[in-house]
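Written below as structure tokens is the structure these notes are about.
The values are calculated or read from the model by the stated rules, or taken from the named source; none is laboratory data. Computed from a prediction, not measured in an experiment: that's the story for all the values here. Please note: Cβ atoms are built from the backbone with ideal geometry, for glycine as well, and neighbour counts cover all protein chains shown. Protein only, heavy atoms only, side chains kept; ligands, DNA and RNA dropped before computing areas. Shrake-Rupley method; radii C 1.70, N 1.55, O 1.52, S 1.80 Å.
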Amino acid sequence: TMRSIALANRLGHVCQFYWENDIYANPSAKHHYELTQSYKDLTGSQTIYVEDDFAELMSSSPPSSAPVLPSKFLVMCDKSDQDDMVDAFNEEFGDEATIVRGSYGWFLEVLHKDVCKGNGLQRLCQHVDIPIEQCIAFGDGDNDLEFIEMAGWGVAMKNARDCIMKVSDEVAAYTNNEDGVIRTLQRMEEEGLLDVTC
């Protein structure tokens with residue numbers, strides 16, 4: 001986490017630290033506040049601003065326990081900087097972390113190396129005793145890559161990034177904003193491709 005914060009600071013970007021039910025950010029420039037506001041507008045979330053690069057938050061755990069680590073760590077930048085930021089984080093972390101480009105062009109996520117939607121789907125399938133091969137996954141952004149690859153049938157939304165379309169089994173006729181998921185499921189049901197028995 002400290003390496004992510006240090007790299008973001010060197011690059012002039014703002015971080016968001018997700019811990020429990022709260023989102024914290026460390027803006028140090030006017031455009032950082034604008035980026036955090038864009039994220040609030042996108043998600044409906046609220047942000048708590050800190051000035052100490054999350055030091056107080058991370059040290060809030062009891063001395064005998066491990067330091068507080070975020071459940072999610074986001075770095076936001078201007079759209080023109082996203083490619084360079086993704087490259088810098090991939091170079092810094094390699095296989096030590098999962099770096100995911102945000103679909104909206106102005107952020108990335110830094111996750112534990114084993115965290116991805118595909119692994120979440122796999123765990124869910126094991127828990128409910130359903131073969132992953134019988135699952136359908138829908139996605140449009142880089143964070144959906146393993147999800148689409150691991151499911152029995154992966155559907156890229158019409159507005160999906162190229163990397164998702166390349167690994168999908170099907171490209172939906174509609175975007176997520178056009179109710180593409182439900183419309184695709186309805187078509188599949190009409191064609192007799194879904195087993196919806198319980």
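When you scan the stretch 64-71, do you find a residue that is open to solvent by 50 Å² or more (accessible area, probe 1.4 Å), under 18 Å from residue 143 (Cβ atoms) and hydroxyl-bearing (Ser, Thr, Tyr), even just one? Yes: the stretch 64-71 contains one or more residues that are open to solvent by 50 Å² or more (accessible area, probe 1.4 Å), under 18 Å from residue 143 (Cβ atoms) and hydroxyl-bearing (Ser, Thr, Tyr). Annotation note: Cβ proximity below 7 Å between a residue of the stretch 168-192 that is of a type outside the set (S, T, N, Q) and a residue that is part of a helix (DSSP H, G or I) and surrounded by 12 or more Cβ atoms within 10 Å (Cβ to Cβ) (sequence gap 6+ or interchain) occurs for 171/165; 172/180; 172/184; 174/180; 174/183. Do we find a residue being of a type in the set (Gly, Ala, Ser), in contact with a helix residue (DSSP H, G or I) (Cβ under 9 Å, 6 or more places away or on another chain) and open to solvent by 50 Å² or more (accessible area, probe 1.4 Å) anywhere in the stretch 26-42? Looking through the stretch 26-42, at least one residue is of a type in the set (Gly, Ala, Ser), in contact with a helix residue (DSSP H, G or I) (Cβ under 9 Å, 6 or more places away or on another chain) and open to solvent by 50 Å² or more (accessible area, probe 1.4 Å). Hey, any hits in the stretch 53-68 for a residue that's β-branched (Val, Ile, Thr) and under 30 Å from residue 131 (Cα atoms)? For the stretch 53-68, residues β-branched (Val, Ile, Thr) and under 30 Å from residue 131 (Cα atoms): absent. So, in the stretch 173-198, how many residues would count as being under 21 Å from the mean Cα position of the chain (by Cα) and not in a helix (DSSP H, G or I)? Going through the stretch 173-198 one residue at a time, the tally reaches 2. Annotation for the stretch 73-81: no member residue is of a type in the set (Phe, Trp, Tyr), more than 12 Å from residue 17 (Cα to Cα) and open to solvent by less than 40 Å² (accessible area, probe 1.4 Å). Residues considered: 156, 137, 172. Of these, the only one that is surrounded by 18 or more Cβ atoms within 10 Å (Cβ to Cβ) and closer than 30 Å to residue 13 by Cβ is 156. Could you tell me whether the stretch 114-121 includes any residue that is at pLDDT 95 or above and touching a strand residue (DSSP E or B) at 6+ places or on another chain (Cβ under 6 Å)? No, because not a single residue in the stretch 114-121 is at pLDDT 95 or above and touching a strand residue (DSSP E or B) at 6+ places or on another chain (Cβ under 6 Å). Residues of the stretch 1-13 that are closer than 17 Å to residue 78 by Cα and either of a type in the set (Asp, Glu) or open to solvent by 50 Å² or more (accessible area, probe 1.4 Å) (or both): 9, 10, 11.
Quick grid of which residues meet (1) in contact (Cβ under 8 Å) with a residue 24 or more places away in the chain; (2) outside any helix (DSSP H, G or I); (3) farther than 24 Å from residue 98 by Cα:
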{"position": "6", "(1), (2), (3)": "no, no, no"}
{"position": "10", "(1), (2), (3)": "no, no, no"}
{"position": "18", "(1), (2), (3)": "yes, yes, no"}
{"position": "23", "(1), (2), (3)": "yes, yes, no"}
{"position": "32", "(1), (2), (3)": "yes, no, no"}
{"position": "36", "(1), (2), (3)": "yes, no, no"}
{"position": "39", "(1), (2), (3)": "yes, no, no"}
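When residue 16 is tested against the conditions (1) open to solvent by less than 20 Å² (accessible area, probe 1.4 Å); (2) over 30 Å from residue 158 (Cβ atoms), the lone failure is (2). Would you pick out the residues in the stretch 118-147 that are without any contact (Cβ under 8 Å) to a residue 24 or more places away in the chain and either of a type in the set (A, V, I, L, M, F, W, C) or within 17 Å of residue 178 (Cβ to Cβ) (or both)? Scanning the stretch 118-147 gives 124, 125, 128, 130, 132, 135, 137. A count restricted to the stretch 100-129 and to residues that are open to solvent by 30 Å² or more (accessible area, probe 1.4 Å), touching a helix residue (DSSP H, G or I) at 6+ places or on another chain (Cβ under 7 Å) and assigned to a strand (DSSP E or B) stands at 1.
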